[in-house]
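A short worksheet on the structure shown next.
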Amino acid sequence: MFDQTISRWITSSIVLLFCLPCLADSEKKLTFENDIRPIFKTYCFHCHGEEKELSGALDLRLRRLIMQGGDSGAVIETGKHAESLLFQYVESGEMPPDEKLQLKPEEVSIIAKWIDQGAKTAGPEPDGEIKPGQFLISPDERSHWAFRPIKKSSVPVVADLLKEESPAEINPVDAFIGRKLKKKGLWFSPAADRRTLIRRASYNLTGLPPTLEEVDNFLADESPDAYEKLIDRLLESPHYGERWARHWLDVAGYADSEGYNDKDLIRPDAWHYRDYVIRALNADKPWDQFIIEQLAGDELIKATHASAQKLIDEDPDAYDKLTATGFLRLAPDGTGSSPMDPAIARNQVITETVKIMSSSLLGMTVGCAECHHHRFDPIPQQDFYRLRAVIAPVFDPFKWRVPKNRRAALLAKEDKEKVAQLSAKVKALDEQHNKVKSEVLQLISERVFKEIPEEDRELAKNAFETERKERSTEQAEFLKKKYPMLDLLSLGNLHLFIARYKDGNDLKKRYEEIKEKADKLRTKIPKPEYIRIATEDSRHIPETFVFYRGDISSPESDRIDPGGLTVIGQKSNNTFPDNDPQLPTTGRRLAFARYLTNGKHPLVARVLMNRFWMHHFGRAIVDSTGDFGTRSATPTHPELLDWLAADFMEHGWQLKRIHRLIMTSKTYRQTSTTHSEKAAAIDADNRLLWRMPMKRLEAEAIRDAILAVSGELNREQFGVPVPVSLSDSGLITVGAGKISKDRRELKRSVYIQVRRTQPVTMLNAFDAPSMEPNCERRVSSTVATQSLALLNSEFMRTQSIAFAKRVIASVSQKADAETIIRTAWKMALCSEPSPAEMQALQKHMQLQMKEYKTQKVQNPREESLAALCHVLFGTNQFLYIE
C-alpha cells in the first residue's frame, strides 16, 4: 500500500510538472475535438466505442457520451480533474490495461487541464443515437491536409526572383521555394559548376556517371540552353527507364522469389513485369494509364482467366496489358510451396497485396485496419475489406490458383509455327517408335511361348494377350504361379527380356534409334516463356466479409462492397458496383483504377509527386512517404506539393515533363557545398532548400557506377534475371562467382535476381531494401560494414584492376604518373583533382609501386594503379552526389 502511495505521488508530481506550463498559458483553451479525441482514439476507442460491446459501458468517442458515464457512474467532475474517475484511471496507469500502451505524462496533463477548463468541445457534436461499433470520423480528421482536394494556388510573385529573371522565365518551383526562404531571411545558394551539374543530373536520371566525352562536350557547349539539352538527352537515354524503374519496383514490392517461408521458391517469370516498367518509363507512358494497366490491364482488354491465353496469341497489345497486372502478383505467395495451413497462406497473399496497393498508391497504412479500426487514422476496419473486395475476384480463396496456374504462355508467331511443325514430326516418330516396340514385344512373346510346354501354351497365350486389368482371377493366378516371367513381359520391361537373346541389341536398336530421333527433335521445339498475370474467373465471384479481429475463421454477417477510403468523399463516388455488365469480368479493379486517376482523388498525385521530389532531392516534401495519415510528417512546402500534383495531372500525368521542370529550377541547380552560419542557424537540416542536399548513391547505383567506370558494364537490357548464389566464403554474390561468356553477370543491378531470403551481400550492405512486402522509402546508413565491403570484396578487386587497365589503355605509353592519376580521377569523379589531392595520390602510387617491385610482382605499374583505383572507388566523392 505504501509503495502504491509513493508511486501515485511520483506520477502526480510528473503530471504537475507538465501541467505548470499549461496552467501558465491561460490563453490556450483545450477542446475535445482538437486535443482530447486524438489521445482517446490512440489509446481508448478500441475498448470504449469502436467495438460492438462497450467495456464498462463507457463510450469515449464524444464528449456527450463521456458525460453519460459508465458502470462506475460519472467519470468526469467538470473543473476538478483530481476528483474525476477518468483522470484517476489514466494517471495511475490502470487504464489502458495494456502495459505496452500507456499514456505519456504530457498526455495525462492535457486531459487534466481539459477537465479543469470545463471539458469543452470546439463545436456542436452529432445528434441522434451513436451505436457502439459505429465508426465516427470527425470534421478535424476530414480536414487533414492530405484528405482535402488538391488545390493549385497561384505561383507566388517573389521580388528577388524578378530582379534576376523576367516573369516568364521564373520557374514555379523557385517561386514557392524562394518565397519561403525570403520569409526566413534566406536565399538560394549559387549555382553548382558544370562538372557537378552533369554528374548530378546523370546519376539522377540514369543512375550512371557521365563519360569523359560527355563531360567535355557539355563543358564546351556555350549555347544558353546547354543544360536544358543535357536534361533532354538524359531523358531520352534507354538507361533512364532502368534507373526510375528501380524506384517504382521498390514501392511495388518486386521480387524474383515467392518468399513466405524458407523455401522462397523462384519466380522464373516475374521479370516480364520489371521489363514492362522499364519500357513504360522510357516511353513516358502517362502515369494514369500506367496505374490503370497495373491494376486492371486484363479488364481493359476484356480478358478473363479462360480467354487470356487466346488474347495473347491474337492481340499484340494484350501482352503489355496482362504483363502490367503482374503488379498484383508481387506480394509474397507461399501457396505453391506446401504451407502448413493453406487458408492462412492464401489470406496472407491477399492481405499483403492490399498493403502494397494502398501504400504505393494511397500513401496510407491501410493494413493496420485488418484486425480493428485504425488506431490513429480515420480508417475503419471495413475500409480494409472494401479494398480487399476490389481484388477479391482475382484472389478467390475458394477457387484458389497457385502461382504456376496464374500465368500465360508467350511465343512469337514464327515460334508457334515451328512448334506445330516439329510437334507433328515428333508425334509421328513417337507413333512409329511405339509400333516398332510393340512388334519387338510380339516377337519376344512368341519366343517365350515356344519355351512353354504345349499343354499350357494356349492357356498362357490367351492370358497374356488379355489386358491385365481384364484378366480373370484364374488367368492372373495361372501366370503369377506358373509363368511369372510371362506375367512381367510388357513394353516397360521389354529390356529385361531382350538381354536373353543374341540378337537382343539389334532388336533394341530398331525402336531406340527412332526414340533418339524423336528426343533430339523434341529439344528443338521452342519453349514458351510465361508471364505472371492477374485475371478473374467469371464463373465464380466470391463475397467479402469483415473478419472479426482479422480471424479468417470468424467472418461477420454484413457483406462488404468494393470501394475506396471512407474519409475521402461520399459513399456515392468511392463505392463501385459488384459487377459491370459491359465486361466479362466484374470491372471492380478498372472502376477503382479510374477512380484513383480521375484527377479528383486527393492522395494519388500527392503521393507520387512527393516520391518524385524525394528521388531528386534526397528528402521528400512529406518525410513519411508511405504515411499521409493524421500522424504524417508535416509537409515543408504544402502549396508547392499541391501545385506540382495538380500540374502533373493537368498535363497528362507525364513524368518526364516534371523532371524537366524540377531539374531546370534554380533550386535544383544550387551548389551543395555552400556553408552559411546564418542559414545553418535558421534551418540546420536544410528543409527549406537553401542549398542542394548532398546524398549518397543507392546500392544499385554504386555497383553500376563501379562497373561503368571500370569499363566492364554490360549495357544489354531486359531479359531473365542474373541469378545469385552463395559463395564459399558465405557471401551472396552475383552469378556463380565467375564471369560467363555472355558477361550477363556484369549487367546493371536492376537485372539481378531479387531473392527475398538471399539479398546480394554488397547491395545489402548499402541498404538495398528487403521486400516485406515492399519498400516505401530507403534508408541511407553509414556503417563499418560498407567500408569493409568496399575494401575486401573480390568484386572490388577485380573491377579496380579492370579500371586500371582502362586508364592505361586511354593514355599514351609514355604518360607520366600525374597524367595517369588525373585521367583516373576524371573517369571516376568527373572533376579535376586539387594540388593537395594530386600530391597525396602520387605519393600513394609511389609507395605502392615500391612495394610491388620489392615483391617482384609481374606488372607493378598496373598493380599500383589498381590499388589507387580501388581507393577512388571508396572515396566520398565517388559515393556521394553533390
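The values are calculated or read from the model by the stated rules, or taken from the named source; none is laboratory data. If you're wondering where the values come from, they're calculated on a predicted model, not measured in any experiment. When we count neighbours, we look across all protein chains shown, and the Cβ atoms used for this are built from the backbone with ideal geometry, even at glycine.
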- Query: Looking at (1) surrounded by 14 or more Cβ atoms within 10 Å (Cβ to Cβ); (2) in contact with a Gly (Cβ under 9 Å, 6 or more places away or on another chain), which is the only condition residue 728 fails?
  - Reply: (1)
- Message: Going through 843, 856, 850 one at a time, which residue ends up being on the phi > 0 side of the Ramachandran plot and free of Cβ contacts under 8 Å to residues at least 24 places away in the same chain?
- Response: 856
- Task: Could you grab the pairs with beta carbons closer than 8 Å, sequence gap of 6+ or different chains, first residue in segment 174-200 and within 12 Å of residue 637 (Cα to Cα), second one surrounded by fewer than 16 Cβ atoms within 10 Å (Cβ to Cβ)?
- Result: 175/157; 178/160; 178/187; 181/187
- Quick one: residue 798 ticks every box in (1) outside any helix (DSSP H, G or I); (2) out of contact with any helix residue (DSSP H, G or I) (no Cβ under 6 Å at 6 or more places or on another chain); (3) not charged (D, E, K, R) bar one, so which box is it? (1)
- In segment 24-75, how many residues are assigned to a loop (DSSP other than H, G, I, E, B), basic (Lys, Arg) and surrounded by fewer than 20 Cβ atoms within 10 Å (Cβ to Cβ)? 3
- Task: Examine segment 518-530 for a residue that is among the acidic types (Asp, Glu) and in a loop (DSSP other than H, G, I, E, B), and state whether such a residue exists.
- Result: no
- Query: For residue 235, which of the numbered conditions (1) surrounded by 22 or more Cβ atoms within 10 Å (Cβ to Cβ); (2) part of a helix (DSSP H, G or I) fails to hold?
  - Reply: (1)
- Query: Does segment 69-84 hold any residues that are under 16 Å from residue 30 (Cβ atoms) and aliphatic (A, V, I, L, M), and which are they?
  - Reply: 76
- Message: Quick check on this structure: which one of 632, 624 is out of contact with any helix residue (DSSP H, G or I) (no Cβ under 9 Å at 6 or more places or on another chain), of a type in the set (S, T, N, Q) and on the phi < 0 side of the Ramachandran plot?
- Response: 624
- Note on the structure: A careful count of residues in segment 597-615 that are more than 19 Å from the chain's Cα centre (by Cα) and in a helix (DSSP H, G or I) gives 0
- Query: Hey, among the residues in segment 510-530 that are among the aliphatic types (A, V, I, L, M) and closer than 20 Å to residue 418 by Cα, which one's nearest to the chain's Cα centre (by Cα)?
  - Reply: 525
- Note on the structure: In segment 100-121, residues that are under 22 Å from residue 373 (Cβ atoms), assigned to a loop (DSSP other than H, G, I, E, B) and over 40 Å from the mean Cα position of the chain (by Cα) total 1
- Reported set for segment 470-507 where residues are under 60 Å from the mean Cα position of the chain (by Cα) and not in a helix (DSSP H, G or I) is 489, 490, 491, 492, 493
- Item | Residues of segment 692-707 satisfying the condition of being assigned to a loop (DSSP other than H, G, I, E, B) and crowded, with 22+ Cβ neighbours inside 10 Å | 692, 698
- Going through segment 141-186 one residue at a time, which ones are of a type in the set (A, V, I, L, M, F, W, C) and loosely packed, with under 14 Cβ neighbours inside 10 Å? 157, 159, 162, 168
- Of these, 130, 111, which one is out of contact with any Asp or Glu (no Cβ under 6 Å at 6 or more places or on another chain), modelled with pLDDT under 90 and of a type in the set (A, V, I, L, M, F, W, C)? 130
- Task: Give the residue that is surrounded by the most Cβ atoms within 10 Å (Cβ to Cβ), with candidates limited to residues of segment 679-691 that are assigned to a loop (DSSP other than H, G, I, E, B) and either without any contact (Cβ under 8 Å) to a residue 60 or more places away in the chain or aromatic (Phe, Trp, Tyr) (or both).
- Result: 690
- Pull up segment 561-596, narrow it to residues that are part of a loop (DSSP other than H, G, I, E, B) and free of Cβ contacts under 8 Å to residues at least 40 places away in the same chain, then point me to the one that is nearest to residue 346 (Cα to Cα). 578
- Look through 309, 294 and report the one residue that is crowded, with 21+ Cβ neighbours inside 10 Å and out of contact with any His (no Cβ under 8 Å at 6 or more places or on another chain). 294
- Any idea which of 552, 514, 533, 541 is farther than 18 Å from residue 399 by Cα and surrounded by 13 or more Cβ atoms within 10 Å (Cβ to Cβ)? 514
- Query: Restricting attention to segment 494-512, does a residue exist that is at pLDDT 85 or above and within 30 Å of residue 275 (Cα to Cα)?
  - Reply: no
- Item | Enumeration of residues in segment 367-381 that are within 30 Å of residue 539 (Cα to Cα) and either aromatic (Phe, Trp, Tyr) or touching a His at 6+ places or on another chain (Cβ under 9 Å) (or both) | 381
- Go through segment 324-352 and give me each residue that's under 19 Å from residue 594 (Cα atoms) and not small (Gly, Ala, Ser). 325, 327, 328
- Message: Every residue in segment 464-488 that is hydrophobic (A, V, I, L, M, F, W, C), within 30 Å of residue 515 (Cα to Cα) and modelled with pLDDT of 80 or more, please.
- Response: 464
- Message: Condition check: in contact (Cβ under 8 Å) with a residue 60 or more places away in the chain and more than 35 Å from the chain's Cα centre (by Cα). Does residue 533 satisfy that?
- Response: no
- Task: Give segment 534-560 a look and list any residue that's touching a strand residue (DSSP E or B) at 6+ places or on another chain (Cβ under 9 Å), under 17 Å from residue 390 (Cβ atoms) and in a loop (DSSP other than H, G, I, E, B), or say none.
- Result: 535, 543, 544, 560
- Would you pick out the residues in segment 625-639 that are touching a Ser or Thr at 6+ places or on another chain (Cβ under 6 Å) and free of Cβ contacts under 8 Å to residues at least 24 places away in the same chain? 633
